[in-house]
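The values are calculated or read from the model by the stated rules, or taken from the named source; none is laboratory data. All figures in this text were calculated on a predicted structure; none of them were measured in a lab. Here the Cβ positions follow ideal geometry from the backbone for every residue, glycine too, while neighbour counts run over all protein chains shown. Each accessible area value is taken on the protein alone, full model and side chains, heavy atoms only, with ligands, DNA and RNA left out. Shrake-Rupley method; radii C 1.70, N 1.55, O 1.52, S 1.80 Å.
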Amino acid sequence: MSPRGRRGRRLLAMTGLIAAVMVHASACGNDGDDLPPPAEAPNPATTSPPEPTLDERDAAAWEEIQTKFDGFMETWIKWSAEGRPRSFEDPVTADFNEYSEFQARDHAIGQLDQETRDGQIRTGEPTWFDPRLLGIDWDRKVQDLVVPEAVFEICVDDSQWIVVDAESGEPAGVQPLGRRLWTVRAWWAEEREFGTDGWALSQLEVGGSC
């Protein structure tokens, strides 16, 4: 047989082998199409740590703290719609003392004072949701005194809490922050100088979006 004939037979044999391999690969690919896609691993940057397990004392404290936060926000809403009155008795501070003290109280009253000086009030209401307790330190000390402290996060949305001119009712051009994550601290005192004994909000920090 001529060299050309032998090359032709070898070419046919190789072509058949390649076709068989392609058919086998196609069949394997079809089988793989029936398998579910692999699950995506959670992104550590967006995964929140689990809430701590609460015993009976922690659970009771957490319930009281959330009640105090609700009262704090409702007091803020009330006076923001009216403006802070100029009176010797100062009912605004007295109302806030029931739920808060120190920086948390001063932050809210400071904002009310600024809006009152600018001739502004607020319409509508903010919303708050997804509270998450980060922990309670029952043994925390302040100048040798045991002052328990709780820290929690909560999402606050002020999109519908609009600053308006107190006389005209027209928007004052102050842009709401929108949904923001607040980090809030609360202290416990057996005897508070002002307000109800027990837990009171002591500090709040407005963070990023939530």
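So which residues in region 31-85 are basic (Lys, Arg) and either open to solvent by 60 Å² or more (accessible area, probe 1.4 Å) or modelled with pLDDT under 95 (or both), if there are any at all?
Answer for region 31-85, where residues must be basic (Lys, Arg) and either open to solvent by 60 Å² or more (accessible area, probe 1.4 Å) or modelled with pLDDT under 95 (or both): 57, 78, 84.
Can you give me the number of residues within region 124-182 that are farther than 15 Å from residue 199 by Cβ and outside any strand (DSSP E or B)?
22
Which members of region 96-125 meet the condition of being crowded, with 20+ Cβ neighbours inside 10 Å and acidic (Asp, Glu)?
Those that are crowded, with 20+ Cβ neighbours inside 10 Å and acidic (Asp, Glu): 101, 115.
Can you name the residue in region 94-114 that is in a helix (DSSP H, G or I) and of a type in the set (Asp, Glu) and is also farthest from residue 71 (Cα to Cα) among such residues?
113
Yes/no per residue for (1) on the phi < 0 side of the Ramachandran plot; (2) in contact (Cβ under 8 Å) with a residue 40 or more places away in the chain; (3) not β-branched (Val, Ile, Thr):
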residue: 73; (1), (2), (3): yes, yes, yes
residue: 77; (1), (2), (3): yes, yes, no
residue: 90; (1), (2), (3): no, no, yes
residue: 110; (1), (2), (3): yes, no, yes
residue: 115; (1), (2), (3): yes, yes, yes
residue: 120; (1), (2), (3): yes, yes, yes
residue: 132; (1), (2), (3): yes, yes, yes
residue: 137; (1), (2), (3): yes, no, yes
residue: 159; (1), (2), (3): yes, no, yes
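Kindly indicate whether residue 125 is in contact (Cβ under 8 Å) with a residue 24 or more places away in the chain and touching a Gly at 6+ places or on another chain (Cβ under 8 Å).
When the stated conditions are applied, residue 125 does not pass them.
What are the pairs, 6+ residues apart or on separate chains, where a residue within region 191-205 that is more than 19 Å from residue 108 (Cα to Cα) and polar (S, T, N, Q) has its Cβ under 8 Å from a residue that is surrounded by fewer than 16 Cβ atoms within 10 Å (Cβ to Cβ) and at pLDDT 85 or above?
Final answer for the pair search is none.
Quick check on my filter: what residues within region 138-156 are surrounded by 12 or more Cβ atoms within 10 Å (Cβ to Cβ) and not hydrophobic (A, V, I, L, M, F, W, C)?
140, 148, 149, 153, listed by residue number.
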